[in-house]
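Engineer: Take this structure, written in structure tokens, and hold onto it; I'll ask about it next.
The values are calculated or read from the model by the stated rules, or taken from the named source; none is laboratory data. Since we're looking at a predicted model, the values are computed, not measured. Here the Cβ positions follow ideal geometry from the backbone for every residue, glycine too, while neighbour counts run over all protein chains shown. SASA here: full protein model, heavy atoms, side chains in, ligands and nucleic acids out. Shrake-Rupley method; radii C 1.70, N 1.55, O 1.52, S 1.80 Å.
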Amino acid sequence: MDPVDPVAPPEIRPCRAADLPLLDRYLPAPGAPTRHADRFARQEAGTGTYLLAWRDGVPVGRGQVRWDGCAAPEVRAAVGECPEFNGLDVRAGLRGQGIGTALIHAAEELVRERGGAVLGLGVGHGNPRAAALYGRLGYVPVVAYTDRWSWTDAAGRPHDEADACTFLVRELAAPET
């Protein structure tokens, strides 16, 4: 892998089709070879925005705003179609340098630009580091739920996954004018 400047602030922007090979190289999704393409397809359909963090021309982080909200029925009952930020990931070795925070702030700004007043996200019960980050950023727990998703491996075999999570929300301040 190419070296990345660990102190340069990341550039955050939506994914482009030309970014997909670089994502597969620098932020691989082991066992889920179509993950980036699937998120880009959601963006192309208008139901999501796939945000990427870049340093020195290399993708170093990612996360997706799902404009239609979390699919879990427990979450929908508690918060409706609140936009959800999911799939946050930062390259190993670069975590703890503000890249995840920058991605979350960019997602919040996108929600504000669309007139939204709240953003939600889920955190797995086995991920205390992420939970601490979200708490520092002002996200508060709303409801426990089970995150369920499916994926197909490189051999074409489908897999179903489930993770015990808590959905958190943050009220967003209106943009300054």
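Engineer: At R0 = 22 Å, how high is the FRET efficiency between E74 and E171 if r is their beta carbon distance? Nearest 0.05 is fine.
Structural biologist: Rounded to the nearest 0.05, the efficiency is 0.60.
Engineer: Residue by residue through the stretch 137-151, what is 3J(HN,Hα) from phi via Karplus (6.51 cos²θ - 1.76 cosθ + 1.60, θ = phi - 60°)? Round to whole Hz and write x for glycine and proline.
Structural biologist: For the stretch 137-151, the Karplus curve yields 7, x, 7, 10, x, 10, 7, 7, 7, 10, 7, 10, 8, 10, 8 Hz.
Engineer: Let me see the pair-distance distribution of the stretch 37-76: every alpha carbon pair, 5 Å bin width, integer percents in order.
Structural biologist: 6, 23, 21, 19, 16, 9, 3, 2, 0
Engineer: Same structure, new question: Kindly work out what percent of the DSSP beta bridges joining two residues of the chain are antiparallel, to the nearest 5.
Structural biologist: Just about 95 percent of them are antiparallel.
Engineer: Based on the Cα coordinates of the stretch 98-149, what is the per residue volume of their convex hull in Å³?
Structural biologist: With only Cα atoms used, the stretch 98-149 gives 105 Å³ per residue.
Engineer: Quick one: which residues, 5 or more positions from N127 or on another chain, have an amide H under 5 Å from its amide H? H modelled 1.01 Å from N in the peptide plane, none for Pro or chain starts.
Structural biologist: Amide H to amide H, under 5 Å and 5 or more residues apart or across chains, N127 pairs with nothing.
Engineer: Can you work out the Karplus-derived ³J(HN,Hα) for every residue in the stretch 15-27? Use 6.51 cos²θ - 1.76 cosθ + 1.60 with θ = phi - 60°, whole Hz, and x for glycine or proline.
Structural biologist: 5, 10, 3, 5, 7, 4, x, 5, 4, 4, 6, 9, 10
Engineer: Using 0.36 nm per residue, how much length does the chain from A92 to H105 gain when fully extended, once their Cα-Cα distance is taken away?
Structural biologist: Full extension from A92 to H105 adds 2.6 nm.
Engineer: Of all accessible surface on the chain at a 1.4 Å probe, what whole percent is carbon and sulfur?
Structural biologist: Whole-percent figure for carbon plus sulfur exposure: 53.
Engineer: Given Cα pairs under 8 Å that are at least 6 residues apart, what percent is the relative contact order of the chain?
Structural biologist: Relative contact order of the chain: 20 percent.
Engineer: How far, in nm, would the chain grow between R112 and A132 when pulled straight, counting 0.36 nm per residue and subtracting the alpha carbon separation?
Structural biologist: Full extension of this stretch gives 4.8 nm more.
Engineer: With each pseudo-label sitting 7 Å past Cα toward Cβ, what's the E11-H125 distance in nm, one decimal?
Structural biologist: For E11 paired with H125, the spin-label model returns 4.2 nm.
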